[in-house]
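The values are calculated or read from the model by the stated rules, or taken from the named source; none is laboratory data. For clarity, every value in this text was computed on a predicted model and none was experimentally measured. Cβ coordinates were reconstructed from backbone atoms using ideal geometry, including for glycine residues, and neighbour counts include every protein chain displayed. Heads up: the accessible areas ignore ligands, DNA and RNA and are worked out on the full protein's heavy atoms, side chains in. Shrake-Rupley method; radii C 1.70, N 1.55, O 1.52, S 1.80 Å.
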Amino acid sequence: MNYNWNWAIFFEMSPEGTGTYLDTFFWGLGWTISTSMLAWSMALALGTVVGVLRTTPYPWVVRLGDAYVELFRNVPLIVQMFLWYFVLPELVPKAAGDWLKQLPNASFYNAFIALGFYTSARVAEQVRAGIQSLPRGQRMAGTAIGLTLPQTYGYVLLPMAFRIIVPPLTSEFMNTVKNSAVGLTIGLLELTGRARAMQEFSFQVFEAFTAATIAYVMITITIVLTMRWLERRVAIPGFIAAGNATR
Amino acid sequence: MAMIEIRNVSKWYGEFNVLKDCSTTVDKGQVVVVCGPSGSGKSTLIKCVNALEPFQQGDITVNGQSLCDPATNLPKLRAHIGMVFQNFELFPHMRVLDNLNLGQTKVLKRDRATARDRSLELLKRVGLEAHAQKYPGELSGGQQQRVAIARALAMDPIAMLFDEPTSALDPEMINEVLDVMVALAKEGMTMMVVTHEMGFARQVAHRVIFMDEGSIVEDTSKEEFFGSPRSERAQQFLSKILHH
Ligand SMILES: Nc1ncnc2c1ncn2[C@@H]1O[C@H](COP(=O)(O)OP(=O)(O)OP(=O)(O)O)[C@@H](O)[C@H]1O
Ligand SMILES: [Mg+2]
């Protein structure tokens, strides 16, 4: 292979005129992080609500939650991004559609909202599984001391369910970061998009994707370490992981 | 005065008839022991009393309040009926003290200091004040069940329901729990206790109810039950559990 390595490429000006390639990389990293963080916050909030709804004693509420999860989990993320970005503005009244189309950073909003909904369905699934893995008597014990249903969730069920699902949530969090790259299909200039742009302008494909890979790995490591720290922090003395809890 | 009144209660799980026209009353200060073979509906009946399980027919009143009356505030009523479960069901993520405080502060709206004083008083009563800052997982089964009883008592209940409170315990821990229950009974607490501990029944029960296949087959005084249970089923059952 006759490849011309050139790591100094990062200090050359990018043809977009917004600084060096390195600068564009950091911008890309910024978009990746903000898209992922916003999508993840949205997914946690929505996913918790939907996950809880799916475990309530009301069959029609459960069905509604199930339908939500099926919808957002089974339609491919890339299709969802296209729907939000290209289709939604055509469906709403014309004035609203025009406003949506010329929103500054429209691809960013659409990317994190689409990713947020998509991930929320996956979080909802984990939250449901977490709640259902608790002994049935826990809900009864909360109810029996006079807690209302929301109080039973807030004080009894969710604190335990979340502890149990920290590991699967960690991987959902990492998936969110990786999935944010799909944003490039609607024009979001995130990390992968920047690597591609650099490859196209400078032909330094290996440098570009090595840098992107390193950045993704760093984010992933940060997430894993943070979640491990969290897991240790909320660990309960004397409690052995649910499922094989001994009594 | 009837504290708990169960009138013609029937319940179905789909096609399956778990409770068949059950009626009984527990007077204020009475201790009623419920026994019967596995699957006879004992747990289901006792869970109906504080509306943890819904039922399709009949009515239950507690302290004059009907569970079926739409005007009854169920969480409020439940707060005043203590319930102790076979598997303790302490909240594992809360310290022992917080397990006792939760209902007091969130349901009874006591301030933290009052709740804490009451909790410590009750922990002392069940002999566990030294463990107030521990988590349930750090206690033995018998200790956990005593905490669970204290948690129920912290709500100042007008009646207590026990669903096989000692059957998940190692034999050497059964007595420490029974002792607490006997003391409660002697103080005049109204109690409905599902148990196969016939020693406990002999010592403090006023009445014994024997259930089989969803029906209340016998509902007699303790003396009569241990003396001459009428149904053959109850006799068989008694001879089985008394001879091992
Ligand atoms: N949620 C449920 N759905 C369907 N059937 C149930 C449900 N809960 C209990 N049952 C059935 O109802 C019957 C009575 O159950 P229950 O738990 O009241 O029995 P029990 O007398 O307490 O028995 P044990 O001594 O084993 O605790 C059993 O046959 C049980 O299988
Ligand atoms: Mg039972």
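What residue, among those in the stretch B:165-189 that are within 16 Å of ligand 1 (Cβ to nearest atom) and surrounded by 20 or more Cβ atoms within 10 Å (Cβ to Cβ), is nearest to the other protein chains (Cβ to nearest Cβ)? Within the stretch B:165-189, the match that is nearest to the other protein chains (Cβ to nearest Cβ) is B:L169. Every condition in (1) free of Cβ contacts under 8 Å to residues at least 60 places away in the same chain; (2) more than 19 Å from A:V156 (Cβ to Cβ) holds for B:G103 except the one numbered (2).
Confirm whether B:I6 is away from ligand 2 (no atom under 16 Å from the Cβ), within 14 Å of chain A (Cβ to nearest Cβ) and either at positive phi or touching a strand residue (DSSP E or B) at 6+ places or on another chain (Cβ under 7 Å) (or both). Considered against the rule, which asks whether it is away from ligand 2 (no atom under 16 Å from the Cβ), within 14 Å of chain A (Cβ to nearest Cβ) and either at positive phi or touching a strand residue (DSSP E or B) at 6+ places or on another chain (Cβ under 7 Å) (or both), B:I6 comes out as no.
B:F88 meets the conditions (1) within 30 Å of A:G238 (Cα to Cα); (2) open to solvent by 30 Å² or more (accessible area, probe 1.4 Å); (3) within 14 Å of chain A (Cβ to nearest Cβ) in every case but one. The failed one is (2). Could you go through the stretch A:131-142 and let me know if any residue there is surrounded by fewer than 21 Cβ atoms within 10 Å (Cβ to Cβ) and under 30 Å from A:W27 (Cα atoms). Within the stretch A:131-142, not a single residue is surrounded by fewer than 21 Cβ atoms within 10 Å (Cβ to Cβ) and under 30 Å from A:W27 (Cα atoms). One residue alone among A:V52, A:V69 is touching an Asp or Glu at 6+ places or on another chain (Cβ under 9 Å), crowded, with 17+ Cβ neighbours inside 10 Å and touching a residue at least 12 places away in the same chain (Cβ under 8 Å), and that residue is A:V69. The number of residues in the stretch B:23-46 being crowded, with 16+ Cβ neighbours inside 10 Å and within 9 Å of ligand 2 (Cβ to nearest atom) comes to 6. Scanning the stretch B:157-183 for residues that are away from ligand 2 (no atom under 16 Å from the Cβ) and touching a Leu at 6+ places or on another chain (Cβ under 8 Å) gives B:M160, B:V177. Quick check: is even one residue across the stretch B:123-134 closer than 28 Å to B:Q30 by Cβ, in contact (Cβ under 8 Å) with a residue 12 or more places away in the chain and either open to solvent by 50 Å² or more (accessible area, probe 1.4 Å) or among the charged types (D, E, K, R) (or both)? Taking every residue of the stretch B:123-134 in turn, at least one turns out to be closer than 28 Å to B:Q30 by Cβ, in contact (Cβ under 8 Å) with a residue 12 or more places away in the chain and either open to solvent by 50 Å² or more (accessible area, probe 1.4 Å) or among the charged types (D, E, K, R) (or both). So is B:F85 within 15 Å of ligand 1 (Cβ to nearest atom), touching a Pro at 6+ places or on another chain (Cβ under 8 Å) and not hydroxyl-bearing (S, T, Y) or not? Here the answer is yes, as B:F85 does meet what is asked. Cβ separations smaller than 9 Å between residues 6+ apart or across chains give the following pairs from the stretch B:36-58 residues that are within 14 Å of chain A (Cβ to nearest Cβ) to residues that are within 11 Å of ligand 1 (Cβ to nearest atom) and of a type in the set (G, A, S): B:T44/B:G214; B:E53/B:S43.
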